[in-house]
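Comments concern the structure below.
The values are calculated or read from the model by the stated rules, or taken from the named source; none is laboratory data. All figures in this text were calculated on a predicted structure; none of them were measured in a lab. Note that each Cβ is placed from the backbone with ideal geometry, even for glycine, and that neighbours are counted across all protein chains shown. Ligands, DNA and RNA are stripped out before the accessible areas are found, and what is left, the full protein with its side chains, is counted by its heavy atoms. Shrake-Rupley method; radii C 1.70, N 1.55, O 1.52, S 1.80 Å.
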Amino acid sequence: MNRVTDFFLTFFLTGLAYFASAQCPTLIWQDEFDGTTLDLTKWDIQTGDGCDIGLCGWGNNELEWYRAENAVVADGTLSIIAKQEEFGGKRYTSARIRTLGKADWTYGRFEASIKLPQGRGMWPAFWMLSTSEPYGTWPQSGELDIMELVGHEPATIHGTLHYGNAWPNNQSTGAQYELLDGIFNDDFHEFAVEWEEDEIRWYV
């Protein structure tokens, strides 16, 4: 993807995120979730099922309704909780947060310490989208998936770039990483990308 644009983080299901520059060791943004509520100067909470922005099911046929109440901050941890409950005409709820309009970056190191859920139907992700879509709608302005896990494969995570022409003629490039022992629900793991002008590197 030979295009330069600002990106914001979208983060949902569980985690702790911070940013450090790959070119300079100075930390320029972080959230250690050391309070009792989500810091709304850093995060925007998305709610609903996406239909209000013309993206029902958030583009992935998601079955949940996102609620602010499902993002809980306590003891230095952000817990994003998926529940089987009726709300908004959906049978499940969860939470979805992003930095759009509050913290946007081009290049650097993006890292989160996350303990992932397991179970069929779960799809936690730590990812980045273009702030202003200067090259067109998804995925023409790019999407950088730092980490995604499909719940029925609890030992495997995926890192993917989405780009190219508008859907359904879009393209993607990615790879997966599988733990040699245990699953990603056993403990917190660090997930990161280092994004430079001509290269993106993924780390677990």
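Using a 1.4 Å probe on the protein heavy atoms, what percent of the accessible area of the stretch 165-204 belongs to carbon and sulfur?
On the way: 1250 of 2970 Å².
The C+S portion of the solvent-accessible surface of the stretch 165-204 is 42 percent.
Please give the Cα centre distance for the stretch 140-187 versus the stretch 103-127, rounded to the nearest Å. Here the answer is 10 Å between Cα centres.
Taking only protein heavy atoms and a 1.4 Å probe, what accessible area per residue, in Å², does the stretch 63-204 have with all protein chains in place? Mind dumping the intermediate values first?
Numbers: 7310 Å² over 142 residues.
Normalised by residue count, the accessible surface of the stretch 63-204 is 52 Å².
The portion of the accessible surface of the stretch 59-139 made up by carbon and sulfur, rounded to a whole percent, is 49 (1.4 Å probe; DNA, RNA and ligands excluded).
Using a probe of 1.4 Å, the accessible surface attributed to H152 totals some 90 Å² when neighbouring protein chains are kept in position.
Within the chain, what's the longest run with no GluC sites (Glu not before Pro) in a DSSP loop and at most 15 other beta-carbon atoms within 10 Å? Give the range, please. Walk me through the numbers before you get to the answer.
On the way: sites that count: E32, E196, E197, E199.
The longest such stretch corresponds to 33-195.
Could you compute the FRET efficiency for D75 and Y177, with r as their C-beta to C-beta distance and R0 at 35 Å, rounded to 0.05?
Numbers: r = 28 Å, r/R0 = 0.81.
Efficiency, from the Cβ-Cβ distance: 0.75.
Spacing of the modelled spin labels on Y107 and H152, each 7 Å from Cα toward Cβ, amounts to 4.3 nm.
Mean-square fluctuations from a GNM of the chain, with a 10 angstrom spring cutoff on Cα atoms, peak among D44, D145, D181 at D181. Straight-line reach from K102: taking Cα to Cα under 18 Å and skipping same-chain neighbours fewer than 8 places apart, the lysines in range are K42.
Quick check: from the Cα gyration tensor, does the chain come out rounded (a/c under 1.5), prolate or oblate? The shape class here is rounded. Springs between Cα atoms under 10 Å define the GNM used for the chain, and in it the highest mean-square fluctuation of G159, G50, G151 occurs at G50.
How large is ³J(HN,Hα), in whole Hz, for each residue of the stretch 49-58 in order, when computed from phi with the Karplus curve 6.51 cos²θ - 1.76 cosθ + 1.60 and θ = phi - 60°, using x for Gly and Pro? Those phi angles translate into 10, x, 5, 5, 10, x, 9, 3, x, 6 Hz. Taken one residue at a time, the phi angles of the stretch 87-98 give Karplus couplings (6.51, -1.76, 1.60, θ = phi - 60°) of 6, x, x, 10, 9, 9, 10, 7, 9, 8, 10, 8 Hz. Gly and Pro are set to x. Taking the charge dipole of the chain about its Cα centre, with +1 at Lys and Arg Cβ atoms and -1 at Asp and Glu Cβ atoms, the residue from W43, A95, L63 reaching farthest to the positive side is L63. The label point for A68 and the one for L27, both projected 7 Å from the Cα toward the Cβ, are 2.7 nm apart. Mean separation of Cα pairs under 8 Å and 6 or more residues apart, divided by the residue count, gives the chain a relative contact order of 23 percent. Per-residue Karplus couplings for the stretch 144-157, computed as 6.51 cos²θ - 1.76 cosθ + 1.60 with θ equal to phi - 60°, are listed in order as 10, 8, 6, 7, 9, 10, 9, x, 7, 10, x, 9, 10, 10 Hz, Gly and Pro entered as x.
A simple charge model with +1 on the Cβ of Lys and Arg, -1 on the Cβ of Asp and Glu and nothing else charged puts the dipole of the stretch 63-137 at about 140 debye relative to its Cα centre.
If you sort T160, T173 by accessible surface, 1.4 Å probe, largest first, the order is T173, T160.
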